[in-house]
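What follows is one structure encoded as structure tokens, with my remarks underneath.
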Amino acid sequence: MTISRIKSIFIIITLSSIIILGIVIYKDMMFQNNPLSPEILKKIDDKKRHLQKLIYQKYHLNFTTPVQTSDKLPNNLFGVAIYTQQNEIQVILNKKRFQESEEYMIDYVLPHEYAHALMFKLGKFSQTNGGHTLLWQKICLDLEGKKCDRYVKHNDILFGKVPYLE
Ligand SMILES: [Zn+2]
């Protein structure tokens with residue numbers, strides 16, 4: 001192989017790496033600066049409907065709660081359930097985390113937070129173990145949650161003002 005051949009191979013590899021890196025950065029920026037795609041929003045909505053059905057079957061309650069997404073949650077917090085000053089219930093999911101795995105957010109995090117929300121609805125406000133009581137765990141499992149262990153590092157129930165939403 002001639003030197004000039006090696007040089008042109010080197011240049012082609014370098015250029016393609018730069019282009020690929022550019023695409024990755026661009027996609028990242030697009031994700032950060034835009035709302036979640038309609039497909040993901042539909043998946044959240046479908047899951048909410050499914051959870052509502054499960055709650056009706058198991059608890060004979062017609063319960064649903066607003067679910068919003070925000071990129072202002074700390075990175076290590078996937079979602080949070082809030083009991084507001086107006087005695088309303090709210091679930092916020094960490095928008096940034098959808099980029100890695102929407103399946104995790106929808107099948108693991110959403111039922112987990114919904115179980116906290118239903119606890120509020122039932123008037124159970126225990127903050128023992130960050131609200132991850134035995135009853136919470138039962139509800140989480142009833143909602144087909146996949147992340148229902150009682151020992152979690154982050155506190156994901158809040159009372160009072162609603163943070164993270166502009
Ligand atoms: Zn929790």
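The values are calculated or read from the model by the stated rules, or taken from the named source; none is laboratory data. Being a predicted model, the structure only gives us computed values, none of them experimental. Cβ: placed from backbone, ideal geometry, glycine included. Neighbour counts: every protein chain shown.
Return the only residue of Lys27, Lys7 being surrounded by 10 or more Cβ atoms within 10 Å (Cβ to Cβ), outside the structural domain of Phe98 (by TED's automatic domain parsing), among the basic types (Lys, Arg) and within 25 Å of Tyr108 (Cβ to Cβ).
Checking each option against the conditions leaves just Lys27.
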Segment 58-86, subset out of contact with any strand residue (DSSP E or B) (no Cβ under 8 Å at 6 or more places or on another chain) and under 19 Å from Asp45 (Cβ atoms), residue surrounded by the fewest Cβ atoms within 10 Å (Cβ to Cβ): Asn62
Subset tally (residues that are within 14 Å of the ligand (Cβ to nearest atom), modelled with pLDDT of 95 or more and part of a loop (DSSP other than H, G, I, E, B)) for segment 121-145: 6
Qualifying residue in segment 46-53 (condition: assigned by TED's automatic domain parsing to the domain that holds Tyr114, in contact with a Phe, Trp or Tyr (Cβ under 6 Å, 6 or more places away or on another chain) and not in a loop (DSSP other than H, G, I, E, B)): yes
Unmet criterion (only one of (1) of a type outside the set (D, E, K, R); (2) in a helix (DSSP H, G or I); (3) not assigned by TED's automatic domain parsing to the domain that holds Ile92) for Leu165: (2)
Among (1) free of Cβ contacts under 8 Å to residues at least 60 places away in the same chain; (2) surrounded by 17 or more Cβ atoms within 10 Å (Cβ to Cβ) - the single one Tyr164 does not satisfy: (1)
